[in-house]
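> I have a structure I would like to understand better, so I am pasting it below and will then ask my questions one at a time.
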Amino acid sequence: MSHIVIHRSHPLTLDQARRAAETLAGQLAARHGIGYHWQDDSLHFERSGVGGHIDLEPGMVRIDARLGFLLAPFKHQLEQEIHRQLDEIFQSPASSA
């Protein structure tokens, strides 16, 4: 099993970060059939071949994803896409206007 772990700072409040993570999870659910649920300030996600969680703190987001055997060869591409999504969704509210 392959692992993706990303720690990123962000300029958002905890409430803003939660809304951003909810937006991201909703997009992933619609596009890829990924199920998710919240447990405190952690968004847990899962589907066949991938599972993990997004932990939120004021100023910090941590992503921990486990890739199954079939997705492991795509680890690098998935990491790049996660970074791209983080850049887009976890930007400051003023810069998204």
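FYI, it's all coordinate maths here, none of it is from the lab. In this text, all values refer to a predicted model and were calculated from it rather than measured experimentally. Cβ atoms come from the backbone with ideal geometry, glycine included; neighbour counts cover every protein chain shown.
> Going through the stretch 46-62 one residue at a time, which ones are part of a loop (DSSP other than H, G, I, E, B) and at negative phi?
The answer is SER48, PRO58.
> Got a sec? Which of LEU86, LEU43 is in a helix (DSSP H, G or I) and surrounded by 12 or more Cβ atoms within 10 Å (Cβ to Cβ)?
Among LEU86, LEU43, only LEU86 is in a helix (DSSP H, G or I) and surrounded by 12 or more Cβ atoms within 10 Å (Cβ to Cβ).
> Continuing with this model, one more query. Here is a check on your reading of the model: is ALA65 among the small types (Gly, Ala, Ser), part of a strand (DSSP E or B) and in contact with a helix residue (DSSP H, G or I) (Cβ under 9 Å, 6 or more places away or on another chain)?
yes
> Right, next: Quick check on the stretch 1-19: of everything there that is farther than 19 Å from GLN80 by Cβ, surrounded by 14 or more Cβ atoms within 10 Å (Cβ to Cβ) and of a type in the set (A, V, I, L, M), which residue is farthest from the chain's Cα centre (by Cα)?
For the stretch 1-19, the residue satisfying everything is LEU12.
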